[in-house]
Amino acid sequence: MTTAQVGNSQRLAARPLAAGGTSTRTWLDARLALPDLQLGGCPEVVVVGAHPDDETVGFGATAHLLAEAGVRVQIVSASDGGAAFPDQSLLQRYRLERTRRAELHQAAGVLGLNAPICLGLPDGEIARHEARLADLLTEVLATKPTGTWCAATWRGDGHPDHEAVGRAAATAVARTGAVLVEYPVWMWHWARPDDGAVPWHRGYRASLTPAAVERKILAAQSFQSQFVAPAPDVEPVLPPFVLRRLLAVGEVVFL
């Protein structure tokens, strides 16, 4: 069993965001030779994220391109992301969940996608509800045409919620006629270009137009609760370099 199969959460935890993670230059200099992701023939897409913003920073430009081509794209967010600030009160968490749902709706509109489905599973505890999530995703995919893509956070991404979403999506795909497409988010922080835990042999790179990238940048700006500090003495959930790195590396998926 590979490291990715058992999860990479310890590796992500060992590289705290404050330390910077694998540099953007390291990824750009590697010039990963991956085949192009072919978008033709995709009948519909269900983009599943663990938290509002995963779908945008990990797959947003590709989703926009598909929608522009007339493909129906449905976002499903497993949680509302209320645990982003663990020390907040229950009332503050409720308000943050409401804010993040609104941010997700705004980002979906910017990307030209349908209104998202928010499942409301508890942020930080999705693994405990993995079977329920798999059932819910199965219900969604069962209404879609055969061959529909289920684009979900990668099962080895390093965040427990991301990995649980990926496993639930894999289960739902196995029950239906859908196609699993896994997109990494946190992998770009803890992994390296020659990392054996990353299934590069299954990797594909999306060919993104400048217009699609610009639309992704605008959509990502919807998530002010994550990229802007809520108070002078509080750090933002995601330091600015995280978004810059994700924009620089493009969009890669594992099939």
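Tell me the per residue accessible area of the chain using a 1.4 Å probe; a whole number in Å² is fine.
Values: 11230 Å² over 255 residues.
Solvent-accessible surface per residue comes out at 44 Å².
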Task: Cleavage-rule hits, GluC sites (Glu not before Pro), the range 21-122, DSSP coil, Cβ neighbours within 10 Å at most 10 - done: none
Task: Two-site label geometry, L218 and V179: point separation in nm, points 7 Å out along Cα→Cβ - done: 2.9 nm
- [ ] Rounded, prolate or oblate: pick one for the range 176-241, where a ≥ b ≥ c are the square roots of the eigenvalues of its C-alpha gyration tensor, a/c under 1.5 means rounded, and failing that, prolate if a/b is larger than b/c, else oblate.
- [x] prolate
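Restricting to the chain, what percent of DSSP beta bridges are antiparallel, rounded to 5? If you can, show how the numbers build up before the last one.
Numbers: 4 of 23 bridges.
About 15 percent, rounded to the nearest 5.
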TODO: Mind ranking E235, E163 by accessible surface for me, highest first, 1.4 Å probe?
DONE: E235, E163
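Step by step: find N for the range 1-99, compute 2.2 N^0.38 Å, then divide the Cα radius of gyration by it. What's the final number? The partial results should precede the final answer.
On the way: Rg = 17.6 Å, N = 99, 2.2 N^0.38 = 12.6 Å.
Its radius of gyration relative to the 2.2 N^0.38 Å reference: 1.40.
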Task: Over the chain: Rg over Rh, Cα atoms, Kirkwood Rh - done: 0.93
Task: Rounded percent of accessible protein surface that carbon and sulfur make up, the range 179-255, 1.4 Å probe - done: 60 percent
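So which GluC sites (Glu not before Pro) in the range 121-155 end up in coil per DSSP with only 14 or fewer other C-beta atoms within 10 Å?
Numbers: sites: E125, E130, E139; in loops: E125.
Here the sparse-neighbourhood loop sites are E125.
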- [ ] For V185, enumerate residues with amide H under 5 Å from its amide H, sequence gap 5+ or separate chain, H modeled in the peptide plane.
- [x] W154
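The values are calculated or read from the model by the stated rules, or taken from the named source; none is laboratory data. What you are looking at is a predicted structure, and each value in this text was computed from that prediction instead of being measured. Note that each Cβ is placed from the backbone with ideal geometry, even for glycine, and that neighbours are counted across all protein chains shown. Remember, those area values only see protein heavy atoms, side chains included, never the ligands or the DNA or RNA. Shrake-Rupley method; radii C 1.70, N 1.55, O 1.52, S 1.80 Å.
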